[in-house]
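Enquirer: The following block contains the structure, expressed as structure tokens.
Each value in this text was obtained by applying a stated rule to the coordinates, not by laboratory testing. None of these values were measured; they are calculated from a predicted model. FYI the Cβ positions are ideal-geometry reconstructions off the backbone, even for glycines, and counts take in every protein chain you see.
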């Protein structure tokens, strides 16, 4: 299919936009559908681990930051095209992503797990999940992992981080895969998750390349100055003990 000229010119114009400098208002997008890392509370306020971390980094780096909710599927394109200056949404660092965006120093190395209804038994293997329905958030490392390693599974993809849990609790999916901490603190500890449990092995980037190197803040590749300032702020946040305190607050670590 040919790209309409008007759409092509729009993409070119967006790509030519200059990213903000560290002295400007820094526009930071997050997908607030992934508690306890990022979500919206009853008062419409952004809350969560990543939100507090980003606020702490911005304060330490003396950056004027505006953190706001955005749709997951438009976040990386928006960063590339200059709509956003940075992203924080438990973004895993992968070689594929490094080709188009830059990353701060890593601030977390997550463990990935499957979750399913209590009392069910699954062999986490290509044949063991043959014909089983696995719900994932589209465009995530979890999506890439099940697509690559479980070709006989039925994969259902959703735009938000919360939608797969609705499919799981409604019985329309057999399993979901996500960050272990997110499953525990965002689902299993809620009323909706009381009948579910973690299944299968703990997985990291050492087990599958799709899980990447760890989690970091994403920045437009052109904006090296902002990346430098964010890394300074992250280092200061870590060295002050505030990152360890944040981990303890949310995960008891």
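Enquirer: For segment 112-211, what class follows from the C-alpha gyration tensor (a ≥ b ≥ c being the square roots of its eigenvalues): rounded when a/c is under 1.5, otherwise prolate if a/b is larger than b/c, else oblate?
Expert: Because its axes are fairly even, with a/c under 1.5, segment 112-211 counts as rounded.
Enquirer: On a 0 to 90 degree scale, rounded to 10, what angle separates helix 242-251 from the longest Cα axis of the chain?
Expert: Tilt of helix 242-251: around 30 degrees.
Enquirer: Ranked from highest to lowest mean number of other Cβ atoms within 10 Å per residue, what is the order of the peptides 211-218, 91-98?
Expert: Descending packing order for the listed peptides: 211-218, 91-98.
Enquirer: A further question follows. Report the full-extension gain for the segment residue 191 to residue 99: residue separation times 0.36 nm, less the Cα-Cα distance, to one decimal in nm.
Expert: 29.0 nm
Enquirer: How large is log10 of I(q)/I(0) for the chain at q = 0.08, 0.10, 0.11 Å⁻¹ when the intensity is taken from the Debye formula with one equal scatterer per alpha-carbon?
Expert: -0.33, -0.52, -0.62
Enquirer: Then there's this: Output the 0 to 90 degree angle, nearest 10, between the alpha-carbon long axis of helix 49-61 and the longest principal axis computed from the alpha carbons of the chain.
Expert: Once rounded, the angle reads 20 degrees.
Enquirer: Next up: So how tilted is helix 224-239 from the main axis of the chain? Cα-based, degrees 0 to 90, rounded to 10.
Expert: Computed tilt is about 60 degrees.
Enquirer: Separate question: 7 Å from Cα along Cα→Cβ at both residue 152 and residue 228: what's the point-to-point distance in nm?
Expert: 5.5 nm
Enquirer: Turning to a different aspect of this structure: What's the long-distance tail for segment 37-112, i.e. % of Cα pairs beyond 19 Å?
Expert: Cα-Cα pairs of segment 37-112 separated by over 19 Å account for 41 percent.
Enquirer: Separate question: Once fully extended, how much extra length lies between residue 68 and residue 45, figured as 0.36 nm per residue of separation less the alpha-carbon to alpha-carbon distance?
Expert: Gain on stretching residue 68 to residue 45: 7.3 nm.
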